1. Being charged (D, E, K, R) and surrounded by fewer than 17 Cβ atoms within 10 Å (Cβ to Cβ) narrows it down to one of Glu65, Glu73, so name that one.
2. Can you tell me which residue in region 41-71 is nearest to Tyr15 (Cα to Cα), limited to those that are modelled with pLDDT of 95 or more and aromatic (Phe, Trp, Tyr)?
3. Name the single residue, out of those in region 18-40 being modelled with pLDDT of 90 or more and small (Gly, Ala, Ser), that is farthest from Val61 (Cα to Cα).
4. Checking Leu38 against (1) farther than 18 Å from Trp6 by Cα; (2) touching a residue at least 12 places away in the same chain (Cβ under 8 Å): exactly one of these is not met. Which one?
5. Residues being assigned to a loop (DSSP other than H, G, I, E, B) and over 14 Å from Lys49 (Cα atoms): count how many of those fall in region 17-33.
6. Could you run through region 48-62 and say how many residues are open to solvent by 100 Å² or more (accessible area, probe 1.4 Å) and either outside any loop (DSSP other than H, G, I, E, B) or in contact (Cβ under 8 Å) with a residue 24 or more places away in the chain (or both)?
7. If you go through region 1-47 one residue at a time, how many are open to solvent by 70 Å² or more (accessible area, probe 1.4 Å) and among the β-branched types (Val, Ile, Thr)?
8. Tally time: how many residues in region 1-37 are under 12 Å from the mean Cα position of the chain (by Cα) and hydroxyl-bearing (Ser, Thr, Tyr)?
Amino acid sequence: GGGTIWSVFPADSAYFAPSKAPFMVNYRVRDLHALLALLKAEGCNVDEKTETSEFGKFGWVMDPEGNRLELWEPPSGHLPG
């Protein structure tokens, strides 16, 4: 269950910073804060900032190639199985 969504941002958007890539991959996760803690413990470049809204919880990490990845924990009841 779940869909694939494409969102277009303005060419001058800073949303993907500090990545130089003009895109960002978003992964749906079950427990955002636990995953961010695990990634940080493994030495990954985890953004200290997270966001919580009616759309769920969001966090970010940089991959080894310098691309920003968004991690999304949907609100309760919106994750499959």
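1. That would be Glu65, the only listed residue that is charged (D, E, K, R) and surrounded by fewer than 17 Cβ atoms within 10 Å (Cβ to Cβ).
2. The extreme case among them is Trp60.
3. Only one residue tops the list, namely Ala34.
4. Only one criterion in (1) farther than 18 Å from Trp6 by Cα; (2) touching a residue at least 12 places away in the same chain (Cβ under 8 Å) is unmet by Leu38, namely (2).
5. At the first step, the residues of region 17-33 found to be assigned to a loop (DSSP other than H, G, I, E, B) are 17-24, 29-31.
From what's left, over 14 Å from Lys49 (Cα atoms): 19-24, 29-31.
Looking only at that region, the number is 9.
6. Of the residues in region 48-62, 1 are open to solvent by 100 Å² or more (accessible area, probe 1.4 Å) and either outside any loop (DSSP other than H, G, I, E, B) or in contact (Cβ under 8 Å) with a residue 24 or more places away in the chain (or both).
7. First, pick out the residues of region 1-47 that are open to solvent by 70 Å² or more (accessible area, probe 1.4 Å): 1, 4-12, 14-15, 18, 20, 22-23, 27-28, 30-31, 33, 38, 40-42, 45.
Imposing the further condition that a residue be among the β-branched types (Val, Ile, Thr) reduces the set to 4-5, 8.
Number satisfying all stated conditions: 3.
8. Of the residues in region 1-37, 2 are under 12 Å from the mean Cα position of the chain (by Cα) and hydroxyl-bearing (Ser, Thr, Tyr).
The values are calculated or read from the model by the stated rules, or taken from the named source; none is laboratory data. None of these values were measured; they are calculated from a predicted model. Because the Cβ atoms are built from the backbone with ideal geometry, glycine has one as well, and the counts that use them run over all protein chains shown. We work out accessible area using only protein heavy atoms, side chains counted, and drop any ligands, DNA or RNA first. Shrake-Rupley method; radii C 1.70, N 1.55, O 1.52, S 1.80 Å.
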